[in-house]
Structures are given as C-alpha cells and as structure tokens.
1. Can you tell which of Ala416, Asn153, His142 lies farthest toward the positive end of the dipole of the chain, using +1 and -1 charges on the Cβ of basic and acidic side chains (Lys, Arg; Asp, Glu)?
2. Charges on Cβ only, +1 for Lys and Arg, -1 for Asp and Glu, centred on the Cα centroid of the chain; of Asn175, Tyr426, His403, which one is farthest towards the dipole's positive end?
3. If the only charges are +1 at each Lys and Arg Cβ and -1 at each Asp and Glu Cβ, what is the size of the charge dipole of the range 45-126 around the Cα centre, to the nearest 20 debye?
4. Just in the range 173-250: which GluC sites (Glu not before Pro) are loop by DSSP and have at most 10 other Cβ atoms within 10 Å?
5. Quick one: if the Förster radius is 22 Å, what FRET efficiency do Ser208 and Asn331 give, using the C-beta to C-beta distance and rounding to 0.05?
6. Please give every one of the lysines within straight-line cross-link reach of Lys49, meaning a C-alpha to C-alpha distance under 22 Å, and leave out same-chain neighbours fewer than 8 residues apart.
7. What FRET efficiency do you get for Ser273 and Glu241 if R0 is 51 Å and r is their Cβ-Cβ distance, rounded to the nearest 0.05?
8. Sorting Tyr272, Tyr420 on the 10 Å Cβ count, fewest up front, what's the list?
Amino acid sequence: MQNFINVTATMLIEIIESKSDSQRVALQFVLEELDAARSGIDFIRDRIKSFYFMEVDYVGAMDRSWLDVDGGSGPQQFLVKAISTIEQQLGSDLAAMVRISIVEYIIRHYRLGRFYIDKEVRVALKPLNIFEPIVCEESLLHPHIKYLLKEENKPVRDVIFRWSSGFEDRDNKFNYEFQTTFNSSFWEIYLYQCFKDLGMTVDFSKASPDFVAESRNGESIIIEAVTANHAHNSSPEWLGEELRQDDDFLNFACVRILNAIDSKHKKFIQTYSKFEYVKGNPFVIALAPFEQSMFFMQNNEAINRVLYKQGIDKGNGFLEIETPTVLKGGNIPLELGLFTSSKYKEVSAIIFSTTATIGKAIAQTSLSRHVRCGRYHEERGLIVELIDSSKHFETHLDGLQIHHNPYAENKLPSEAFDSYEITHYYYDTVSKIIDNQQKSYTLISRIFLPSLS
C-alpha cells in the first residue's frame, strides 16, 4: 500500500507541475481534499488537525475550484479515479486513510501547512552581519555564539541568518550585542521572521520602539521586544545549573517576567506614548523568558500567574488555584494579575514563547538529532514524543502565545496573528476564566538531544 501511495503522489506532483501556477494549484488541491474529508471518520478529522490548516481556509474550497485543479487533466480527478480502485478492494474507510496519506505527501512536498518554511531572503539597506567577527576578545563572546560558530552548526547559522534577512541595523550596535549578550537580539530576529511569516511589514525608519509593524489588513501595531533575564545575584540560563524545585522555579520565573513587563510598561508611558505614530495604535510587549536553567519548561504556567493570577496545584489533581502574589527575594510580595484590572490598560497584548530558542533554528535544518517534544491535543491532553528529527515538524510560529488584555485601550486585532499554530488567550473579567484557544497538535515544548546513531 505504501508503494501505491508513493506512486500516486509522484504522479499527482507531475500533474500539478504541468500547470502554469503549480504552487497555487497544489494549495487549492489540498484545500479541496480537506474540505471533502472534514465530514469523514474520526481518524480522518483528527489527521486534518495535524496539518495546521485553518477551517476558514478549506471549508467551501470545493466551490472555489477551477479547471487546472478539478478539470479532466487536473490532480483532483486523477486522485478520485485512483482511489475508486482502492475503495472497491478495501472499503471506504481504508480508502479514505490512504487518500489522506497521499494528501499529506503533497502538503510536505509543497511545504504547506505544518511543513511551511519561509525560504525567502530579503535585502536590507543596512543588513546584519551577525556571524562576522566583531568581538576580538573571545571571553566576551556569549556561550551560545561560541556554540553556533562551530563548523558542524553552519546549517543552524544559515537558518538564523535567513531569519535576519531584511532586518535593518538602525543603531550600529545590533551585531555586537548579538555576539556578546545574544538572547535579546536572538529574540528580535525570531520575532522579525514571525512578522514576515504573517505577512507583516516593519517600518525601520522609526528608531523606537523595536517594531512599528503593519498587518496584512493595514493595521499599525507597535511592538516592543524584551527578555526576562537572570537576576544580578543568580546564574544565567546557559550554565545549566540544577533545576529549582517547582514552586521556586515558577516563583523566580514570575518575578523576572513581572519585572520585564513592568519596565516596558513604564517605558511606554514615559516615552513611546508621546510619539505620533504610536498614539491610538495597539501596543504589544513581546516577551521571551531566559531567566534560569530549563526556562523552556514553564510553557504558560508563569505567564498565566503574572497576567491572570491563576496557577495549578500539581499535587492536587492539577486543580486551578488563585495566585494573587509572588515573593521577590523570598520575602517581598509582588502583586500578580496584570490583565485582571485596568492598571496596564496601555498594553494591548503580550506575545510570549518558551520555544523560541536555538532549537527552533535546528528544527529548520536537516541535522540529525533526537527530539523530545510535547504537543497539545484537545481530547488527549499532553502528547509526548521522542522521535528522530526527520519525523519532527514545527513551523516558525509554532509555540507562539498571544495574551490579549481585556482592559486594553487599543485592542490588538486577533486576525493580525491568525495562524493555526498560534495560541490566543482571552480573559473573561466576569467569570475570571481564561479562554485558552490552543489547537490540537501545536507545540508546547521541544528539546533536541544528540543523535543516537
């Protein structure tokens, strides 16, 4: 049967490639297949979710077809005829499983849905040279830069360099900071590629905040990037020290995240709010935590405490608990719940991710690694996989969270960040319930391990 799938998919690709706009034909073919399959058996409907397509894109696709796709010489009719033979031999359910496997083959070949990688390299007036030697003294190089400069990691450097293409070095400091402090600069480069994937443009003529972006729909969005870093009296994350106990781990993460958000909120009020191009537009803080060893394990636990003062009691059936404060230094209580009142009304939303690490770049290479990843499923909960990197998939946007402030003066249009793998959070001020809109098979965590081969 695998041979049938391979041969049929290969012939489909030949048919699609014979059309004048093969990429557009391939996408429409896939959308029509998903539209037809969405009312099928549970296995097929669940398989569709793993492809990372929004329902709004494929529902009704069959009514929007054209001859290159659905005509006598198109891929649609060819697949219908090929599957009809299998259906007679194996029955409709097994034939549907074979059909969806062929569709996945096409999705992978044309880099659609969950296999999408933006390969475009853009030109900037003052392009970044993030891996060109700038720092003479090796002791000043950040440990992550030393890792990336190893010869075997050239594919990872190539990916990060592609992300940075089109990014303008406005103050002639970015390259140096990337090589010496790394995390905050890396986070900005990651974000910039996110904006490119979402069809946004960035106006680099504005010196600050970090990104003055325009969405596909023409909305202006002001975005300030920040990282939650280790405290002056704590060890940096790259030392890989022993993991704190769960309560201490989350407590420390909350304090550092709270500090990062508060600093940017004050910066907005004191400075950014006075700029004419900022006034009346959504102001978003994009935050990545790098505050301690194994920071990437926190997923949404710390940010939910900081924004909504809600946590979970892992020792009591994972019940939700209220977390109104956090202790700084073990004895100074700090108030949590930034989005449960109008105190931070100037902040429209928080962009957050614990998966925007070097691992994200490794995932876009063909380097051989083993991957331990956690995914969300709406029925099965957490799905944990330990697989070879050749079988691992994640898009650049996978793992990204958008937390919307219900009290925001200028709301962030959710459609500006409308993608299957992006999780939106909305807080109901009456019921005090967090509406977590995470979709099945999207990324929660991921760590790469050395290849076992």
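Read-outs: derived from the displayed coordinates by stated rules, not from any lab. Everything numeric here is computed off the predicted structure, so don't read it as measured data. Glycine gets a Cβ as well: all are built from the backbone with ideal geometry, and neighbour counts include every protein chain shown.
1. His142
2. Result: Asn175.
3. Magnitude of the dipole: close to 440 debye.
4. Filter output for the range 173-250: Glu242.
5. Working from the Cβ atoms, E equals 0.05.
6. Within the straight-line limit of under 22 Å, Lys49 reaches these lysines: Lys360, Lys391, Lys439.
7. 0.85
8. Tyr272, Tyr420
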